[in-house]
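Down below is the structure, laid out as structure tokens.
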Amino acid sequence: MRLKSMFLHGFKSFARPTRLNFSEGITAIVGPNGGGKSNVVDAIRWVFGEQSMKQLRAEEKFDIIFAGSSSTPAGSFAYVELVFEHDGDTLSVARSLSSDGKNVYMLNGEPVRLKDIHERFAGTGVGKELYSIVGQGQIERITNAMPQEMRMLFEEAAGTSFYREKKREALVRLENVSNNLARIEDLLIELD
Ligand code: ATP
């Protein structure tokens, strides 16, 4: 899965609609300090549902909406769309937040739950906490990772983490069913 392009409008310093196209190979984003380079990475994390304000370098969730400058008034929403190329197909994932609190996630233009986005990207390494986004100082975190965390990264790379989550959900359902069965058996005994 390859990030082909992204579109930002009203996200942090990207007040105006901005499209970034990434060609094959390595892309380096250069610019002056405070120019908005890290905001591009924040935008990717945000689309994948980053909840940590620290990771987004914000105080609260509305801080990612353009706050205004001497020449441009503050925005009323933030919108970010990421376009991926996957097996010859195009997959777009987007998120918008308006200042009245309306938050929408989208897959190929259709509103979805964040869970649907995570499921669609499971096993690809793409996501807010996965190895595809390595922020400043995080290489050390990965090289010093505890075996369990390291295993999580390998499972994601191998594409098996999706099944681990499905197994966990199935086990919870099984547990509920066996609790219900036990309750029914108790009732049957009482009726006898
Ligand atoms: P450095 O090279 O120093 O790491 P950078 O290019 O990575 O800098 P960023 O940290 O991405 O820069 O951008 C910081 C800039 O984004 C600051 O000028 C800050 O004022 C601006 N910014 C952050 N949030 C908002 C917002 N909500 N509205 C407007 N501007 C914002």
Item checked: Nitroxide proxy distance, nm - points 7 Å out along Cα→Cβ at Arg164 and Thr27 -> 3.0 nm
Notebook entry, point to check: Along the charge dipole of the stretch 1-140, which of Asn21, Leu107, Ser132 sits closest to the positive end, that is, farthest toward it, with unit charges on the beta carbon of Lys, Arg, Asp and Glu (+1, +1, -1, -1)?
Noted result: Asn21
Check: With the Cα gyration tensor of the stretch 1-92 giving a ≥ b ≥ c as the square roots of its eigenvalues, does the rule (a/c under 1.5 for rounded; else a/b larger than b/c for prolate; else oblate) give rounded, prolate or oblate?
Finding: prolate
Margin query: Tell me the mean residue ellipticity at 222 nm calculated for the chain from its helices only (DSSP H runs of n ≥ 4, each -39500 (n - 2.57), averaged over every residue, nearest 500).
Written below: -11500 deg cm²/dmol
Next item on the list: Measure nothing fancy, just the Cα-based angle from helix 161-191's long axis to the longest principal axis of the chain, in degrees from 0 to 90, nearest 10.
Entry: 30 degrees
Next item on the list: For Glu175 paired with Thr90, estimate the spin-label separation in nm (one decimal), with each label point 7 Å from Cα along the Cα-to-Cβ line.
Entry: 4.4 nm
Next item on the list: Report the calculated FRET efficiency for Arg151 and Arg2 (r = Cβ-Cβ distance, R0 = 22 Å), to the nearest 0.05.
Entry: 0.30
Notebook entry, point to check: What is the distance in Å between the Cα centres of the stretch 61-96 and the stretch 152-187?
Noted result: 35 Å
Notebook entry, point to check: Using the 10 angstrom Cβ neighbour count as an exposure proxy, how do His9, His118 rank, fewest first?
Noted result: His118, His9
Note to self: Which order do the peptides 147-160, 173-186, 53-66 come out in when sorted by mean C-beta neighbours inside 10 angstrom, highest first?
What the structure shows: 53-66, 147-160, 173-186
Next item on the list: Taking the Cβ of each residue in Lys37, Lys167 as the centre, tally the other Cβ atoms inside 10 Å and list the residues starting with the fewest.
Entry: Lys167, Lys37
Next item on the list: Starting from the Cα-Cα distance between Gln138 and Arg57, subtract it from 0.36 nm times their residue separation and give me the gain in nm to one decimal.
Entry: 27.7 nm
Notebook entry, point to check: Who wins for biggest fluctuation among Ser98, Ser69, Ser38 in a Gaussian network model of the chain, springs between alpha carbons below 10 Å?
Noted result: Ser69
Next item on the list: Arrange Val83, Val30, Val93, Val112 by Cβ neighbour counts within 10 Å, fewest through most, would you?
Entry: Val30, Val112, Val83, Val93
Next item on the list: Sort all Cα-Cα distances of the chain into consecutive 10 angstrom bins from zero, then give the percent of pairs in each bin up to the one containing the longest distance.
Entry: 8, 28, 31, 17, 8, 5, 2, 1, 0
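Any read-out appearing in this document is the output of simple, stated calculations on the displayed coordinates, not a laboratory observation. None of these values were measured; they are calculated from a predicted model. Heads up, the Cβs are rebuilt from the backbone with ideal geometry, glycines too, and the neighbour counts pull from every protein chain shown.
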